[in-house]
Amino acid sequence: MDAKLSEDDIDRLVPEPGGPANRKVRQPTVVAYDFRRPDRIPKEQLRSIHLMHDFVARNLASSLGAYLRAYVTVNLVSVEQLSFGEFLKNLPTPTCLSSIGMRPMDGNAVLEMNPSVVFPVLDMLLGGTGAAAKGELREVTDIEQSIFEGVVRVILHDLSEAWAPVAEIEFSVEATETQPQLMQILSPNEAIVAIGFEITMGEARGMMNFGIPSIQLKMMGPKFDQQWSPRRRGSSARDRNQMMGLVRRVPVDAEVRLEGASLRIEELLGLGPGDVVSLGIPVRRPAEVQVNGRRKFTGRLVAAGQTRGLAIGESVSEAGEVGSAS
């Protein structure tokens, strides 16, 4: 046999510079462990918490809108883990800060409302439009705090509803402060999950921050994975009943219309007190009831004491079909 190696055999045996034999093995990245934050929760659970509080934001927009009788939007801005000291450091001074009890669980959560939200809400509750209080920066008085408690109860109710699939928690206000550094309910190094919401009402806009200790969330970890995973099924009967309860409190505009009369501009300008305008339609012709600008019912005019009313007769569908009103 020929024991000589060909040039191709030599090239295969001798690696080229920069080839696989000379490549450096990638070392694993080492991350320093912070012993001051032993309660950090996994990213999968953070995604579940994000999904749950996105549900809170949608419900809260409807609840606050019905309570304030105004158009309110609520958006989930952030869900992040940080120390309690960092959480307090990022809050404005003064602000409206509440310590929230979590019965039957131990520990407390924190709810903060920016003054840019609190004062417009107070103005609306006292009969204003909310625009006059825009940009006001001062401490909330005791009287204003008692008025604002109704709004806080609405927020805590929606939080309890969202947390119900995970744990039956009763959120309640235990203490309030206007200076963040005075809210010493947790150690500054204790880890919390901070959830930030942006609330918009007309021209007023501000943040609401909700913080809950990470240790409490770790105790409920498996329940979060079961109830608030991204693959959650469609709405349940409980969700639909809750949505119907919110919709029932939404105000709508209803008006009765009698059409048939037409006037020239000169006749309209000549009208004065005591003049009678003939509608030119029979008395027995049914009047039309419109709800938010759409035909909904027909009926007849009746007298109700010293005023006039309408007796609902039949319902009208979108296609114009008439049926008995329920």
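Taken together, the values in this text are just the output of simple stated rules run on the coordinates, not laboratory data. Because the structure is predicted, anything quoted here is derived from the model rather than measured. Note that we place each Cβ from the backbone using ideal geometry, even for glycine, and neighbour counts take in every protein chain shown.
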What number of residues within segment 258-285 are among the basic types (Lys, Arg) and either surrounded by 10 or more Cβ atoms within 10 Å (Cβ to Cβ) or touching a residue at least 60 places away in the same chain (Cβ under 8 Å) (or both)? 1
I need the full set of residues from segment 165-206 which are in a loop (DSSP other than H, G, I, E, B), over 16 Å from the mean Cα position of the chain (by Cα) and within 19 Å of LEU76 (Cα to Cα), in order please. GLU203
Which one is surrounded by the most Cβ atoms within 10 Å (Cβ to Cβ), of the residues in segment 55-96 that are within 8 Å of the chain's Cα centre (by Cα) and in a strand (DSSP E or B)? VAL74
Note: among ILE147, ILE169, ILE185, ILE215, just one is in contact (Cβ under 8 Å) with a residue 60 or more places away in the chain and touching a helix residue (DSSP H, G or I) at 6+ places or on another chain (Cβ under 7 Å), namely ILE169
